[in-house]
1. Let me have the relative contact order for the range 112-232, percent, based on Cα pairs under 8 Å that are six or more residues apart.
2. Quick one: how many Å² of Val118 are accessible to a 1.4 Å probe, rounded to 10?
3. For Val7 and Ala222 in one chain, what is 0.36 nm times their gap in residues minus the Cα-Cα distance, to one decimal in nm?
4. Scan the range 66-164 for chymotrypsin sites (Phe, Trp or Tyr not before Pro) in coil per DSSP, keeping those whose Cβ has at most 15 other Cβ atoms within 10 Å, and list them by number.
5. Before I look further, what does the range 125-218 give for accessible area per residue, probe 1.4 Å, in whole square angstrom?
6. Along each principal axis of its Cα atoms, how long is the chain end to end? Whole angstroms, biggest number first, please.
7. Divide, for the range 59-207, the radius of gyration over alpha carbons by 2.2 N^0.38 Å, where N is the residue count.
8. Any chance you could check the Cα centroid distance between the range 76-129 and the range 1-69 for me, in angstrom?
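The values are calculated or read from the model by the stated rules, or taken from the named source; none is laboratory data. On a predicted model such as this, the values are computed, not experimentally measured, just so you know. Because the Cβ atoms are built from the backbone with ideal geometry, glycine has one as well, and the counts that use them run over all protein chains shown. Protein only, heavy atoms only, side chains kept; ligands, DNA and RNA dropped before computing areas. Shrake-Rupley method; radii C 1.70, N 1.55, O 1.52, S 1.80 Å.
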Amino acid sequence: MEQATPVIAILGIGTAVPDYKMDQNDVSQRLSDALRDHSDSRRWAKRIFKQCAVETRYTCEPNLLQDADSCRYFPHNSTVEAPSTAQRMQIYKRESVPLGMKAARAALQDSGIAPSEVTHLITVSCTGQFLPGMDAAITKQLGLSSTVNRIPLNFLGCAAGLKAICLARQLAAGDPAAHILIVSVELCTLHIQPSSKREALYAASFFGDGASACIVGPARAAHKGLFQLGEELSALLPDSSEEMVWEVGVHG
């Protein structure tokens, strides 16, 4: 007898943000103070901060709340040095796991899935790396099985979260017992650059820090509030490699 195709769905969702809240108007004013010697960049920064439709963001870095002359991430002519890549990665290692854990616990609670039922863990991040990674730390701290299938997705950019969901759907479609936990953590503000260039100012106006998590698996009668997943599609667009570029340098 032919079996019906199982319905694969997002069974639960959790989110988390850091403790430090950035008000857009305040950041715009402090950045304007830092750009006092760069009049063109100052005018452009004010415009993009006003027009990007962001009101508040969150950051794991309290230094970003300091005044312009004390903030290591803002353009300045003082003796204050911008954080190195190593320093930014130290903060990432310290802050990423607790934030991811908070989102993961919320997703498990929302789905009604116990940690012992998680068969796969997909971790997603492109704003930091360390080894053993976030996947190993979350496995241990969340009490997942030591044999859980860990799949880190690193440095895939803005599409990585959706890529993880597509992969989770494929895994769940092939295994009726699968419950895939996806944990995505991005600490974008760690990579704000002390530059008056437009690209850097745009990034400073838009991106924030946060974590999200979800459980993907076969839908059961007991599950409520499901988000059914359909067939996935991934395409690499021609002549688009320069549209969004991010390279690691000495200062992040």
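1. Relative contact order comes out at 29 percent.
2. 10
3. 76.1 nm
4. Values: sites: Tyr73, Tyr92, Phe130, Phe155; in loops: Tyr73, Phe130, Phe155.
Counting only loop positions with at most 15 other Cβ atoms within 10 Å, the chymotrypsin sites (Phe, Trp or Tyr not before Pro) in the range 66-164 are Phe130, Phe155.
5. That works out to 43 Å² for each residue.
6. 75, 39, 30
7. 1.22
8. That distance is 16 Å.
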